[in-house]
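S.K.: Here it is, the structure, as structure tokens.
The values are calculated or read from the model by the stated rules, or taken from the named source; none is laboratory data. This is a predicted model, so every value here is computed, not measured. No Cβ is skipped: glycine too gets one built from the backbone with ideal geometry, and neighbour counts run over all protein chains shown.
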């Protein structure tokens, strides 16, 4: 708060002074953040930037100063900001310290007049984002494709990118076994989470296939023929859609709709925010407990999945204390 007050009070004299203090505060963060004379350092820098010392000192103690900053904090919270840095580019929200390329992508969308997908409606009471949505077959409440029994005791969140070699390896060597052994018998339900950092346009095509109840078949085609298409190859995507018997007109309209790509971008941002280190990545959630119980990172062997799934389905009993005699 003292650093915010210092920048605010400098800026009340001239916006250029605010930005000067802003740059100095971040450049020298390690020096003042734990210093006992931080306030003196702030004042010295404000004066070095040509701020009026008398006005600066009066602003520091004015009741309206902290009130203005507190209002900014409250406004941010009302908009969904829970940490910093956080940025709004028109109605696009970017939370976290991302490289310039990520900002550029969002700025480009904003300049084109593309808007992010609408804020999801609140979940029904007692529901989780990964629960199957009874009103939309094959989707969860957060619009992720899902496969398996709605009564499965274990949910596997599968974070994936269609151009990931590891994703193709997993699909080839592991997935069929998992489906036969755990998904079909009703022990595990899969929830696909887009982490489309390499192939966002292919992800949009897969989402369009999902709207016609062909997500998993379309995904299998993309991974099986991974080396045969490039991201943004509309002809290839349309070809897979035709092979799977999709309504081509609906598919093409969906693919051209900016809202479809915005949905993928939003899903990818979620995957980043939860800290997925690489793809493929898998997070197992015990439905009864409502919490993660295991994870698998990377394209691992079926035996490694077996070990994690069996341990999650059959947890070791918690030892009870022996009563004292």
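S.K.: Does residue 167 count as crowded, with 21+ Cβ neighbours inside 10 Å, outside any loop (DSSP other than H, G, I, E, B) and without any contact (Cβ under 8 Å) to a residue 60 or more places away in the chain?
M.R.: Values: crowded, with 21+ Cβ neighbours inside 10 Å: yes; outside any loop (DSSP other than H, G, I, E, B): yes; without any contact (Cβ under 8 Å) to a residue 60 or more places away in the chain: no.
So residue 167 fails the test.
S.K.: Right, another one. For residue 256, only one of the following conditions fails: (1) farther than 17 Å from residue 191 by Cα; (2) touching a strand residue (DSSP E or B) at 6+ places or on another chain (Cβ under 9 Å). What is its number?
M.R.: Going through (1) farther than 17 Å from residue 191 by Cα; (2) touching a strand residue (DSSP E or B) at 6+ places or on another chain (Cβ under 9 Å) one by one, residue 256 breaks only (2).
S.K.: Then there's this: Within region 207-222, is even one residue in a loop (DSSP other than H, G, I, E, B), within 23 Å of the chain's Cα centre (by Cα) and either modelled with pLDDT of 95 or more or under 22 Å from residue 241 (Cβ atoms) (or both)? Spell out the reasoning first.
M.R.: At the first step, the residues of region 207-222 found to be in a loop (DSSP other than H, G, I, E, B) are 211-214.
Among the residues that remain, those that are also within 23 Å of the chain's Cα centre (by Cα) are: 211.
Okay, now just the ones that are also either modelled with pLDDT of 95 or more or under 22 Å from residue 241 (Cβ atoms) (or both), so 211.
Looking through region 207-222, at least one residue is in a loop (DSSP other than H, G, I, E, B), within 23 Å of the chain's Cα centre (by Cα) and either modelled with pLDDT of 95 or more or under 22 Å from residue 241 (Cβ atoms) (or both).
S.K.: Could you list, in sequence order, all residues of region 41-55 that are part of a helix (DSSP H, G or I) and either touching a strand residue (DSSP E or B) at 6+ places or on another chain (Cβ under 8 Å) or surrounded by fewer than 15 Cβ atoms within 10 Å (Cβ to Cβ) (or both)?
M.R.: To start, the set of residues in region 41-55 that are part of a helix (DSSP H, G or I) comprises 41-48, 53-55.
Selection gives 44, 47, 48, 53, 54, 55.
S.K.: So, in region 226-248, exactly how many residues are in contact with a helix residue (DSSP H, G or I) (Cβ under 8 Å, 6 or more places away or on another chain) and assigned to a helix (DSSP H, G or I)?
M.R.: Qualifying residue count for the region: 11.
S.K.: Is there any pair with a first residue in region 218-238 that is under 16 Å from residue 255 (Cα atoms) and a second that is modelled with pLDDT under 95 whose Cβ atoms are under 6 Å apart and which are 6 or more apart or on different chains, and what are they?
M.R.: none
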